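The values are calculated or read from the model by the stated rules, or taken from the named source; none is laboratory data. This structure is a prediction, so every number in the text was calculated from the model and none was measured. Using ideal geometry, Cβ is built from the backbone for each residue, glycine included, and neighbour counts are taken over all protein chains shown. For accessibility, only protein heavy atoms count, side chains too; no ligands or nucleic acids. Shrake-Rupley method; radii C 1.70, N 1.55, O 1.52, S 1.80 Å.
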Amino acid sequence: MRIAPRFASRAAASSMVVAAALALVGLQATEQTASAATKKAPSVVTCTTANAKLTVTRASRPINHLLLKATNTGSKPCYAYIAPYLRAGADAQAPLPWAEETTPQAVVTLRPGRSAYAGITTSTPEGEGGAKVKTLGVFFADRKGNATNKEKTLKLPKGGIFFNSAATVTYWQDNAKDALSW
C-alpha cells in the first residue's frame, strides 16, 4: 500500500516540474515576441491637417448631406479620433454638434493612403434659421477630444450649402457608407 502513494507523489512532483519548465519557456517566448513587436511596429500619430488631405463633397443620398473624407498623406499610420470639429461658414460661433449615435466601436486607424469619413447633415425641415455658407472649417480632435491647433478651410460645392440649426456631423467612420447611413 505504500508503493501507490509514493508513486503518486513522485508523479505529481514530476508534473509540477514539467509545468514550471513549460511556464518559464512560455514566459521567455512571450517576452521575445513582445520585444520583437515593439521593434517592428510603426508608431501611430494623431491625424491632423498636416498629415491628412481633406475633401468635402455633396452626397447624392441622403439629401442635405455632405461627405467629409480625410486621407492619410503621411508615412506613419494615424488615428482619426472621435469626430471632426466643423465650422460652417467663416463667422460660425460654435462647431457643429457630433451625432452621438454614430460612435464607432474603436478609433479609426488610417494606414498611409487610407481614408476616414464623416457624414454631415446640413439641414432638416425641423431645423431653425439658417444661411447659405461657402466654406467649412475643419479641425481634427486629439486623443483627449480637444481640437488640434491647425484648421483647414474647405470650399463647399456649388458655391455654398444651406445649413440650419439641425446640422450635425458623425464620428469618423472607416467607410463612406457608414458615414452616410444615419
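Of note:
- L154 meets all of the listed conditions (1) open to solvent by 40 Å² or more (accessible area, probe 1.4 Å); (2) modelled with pLDDT of 95 or more; (3) over 17 Å from P97 (Cα atoms); (4) of a type outside the set (V, I, T) but one, namely (1).
- Scanning segment 71-129 for residues that are open to solvent by 40 Å² or more (accessible area, probe 1.4 Å), hydrophobic (A, V, I, L, M, F, W, C) and not in a loop (DSSP other than H, G, I, E, B) gives I82, W98.
- Within segment 70-115, the set of residues being closer than 17 Å to T148 by Cα and touching a helix residue (DSSP H, G or I) at 6+ places or on another chain (Cβ under 9 Å) comprises just one member, A83.
- Any hit, segment 160-172, residues being part of a strand (DSSP E or B) and within 24 Å of V44 (Cβ to Cβ): yes
- All conditions in (1) closer than 22 Å to A52 by Cβ; (2) touching a residue at least 60 places away in the same chain (Cβ under 8 Å) hold for G113, with the sole exception of (2).
- Residue under evaluation L68, criteria (1) over 15 Å from the mean Cα position of the chain (by Cα); (2) under 30 Å from G129 (Cβ atoms); (3) modelled with pLDDT of 95 or more; (4) open to solvent by less than 60 Å² (accessible area, probe 1.4 Å), criterion not met: (1)
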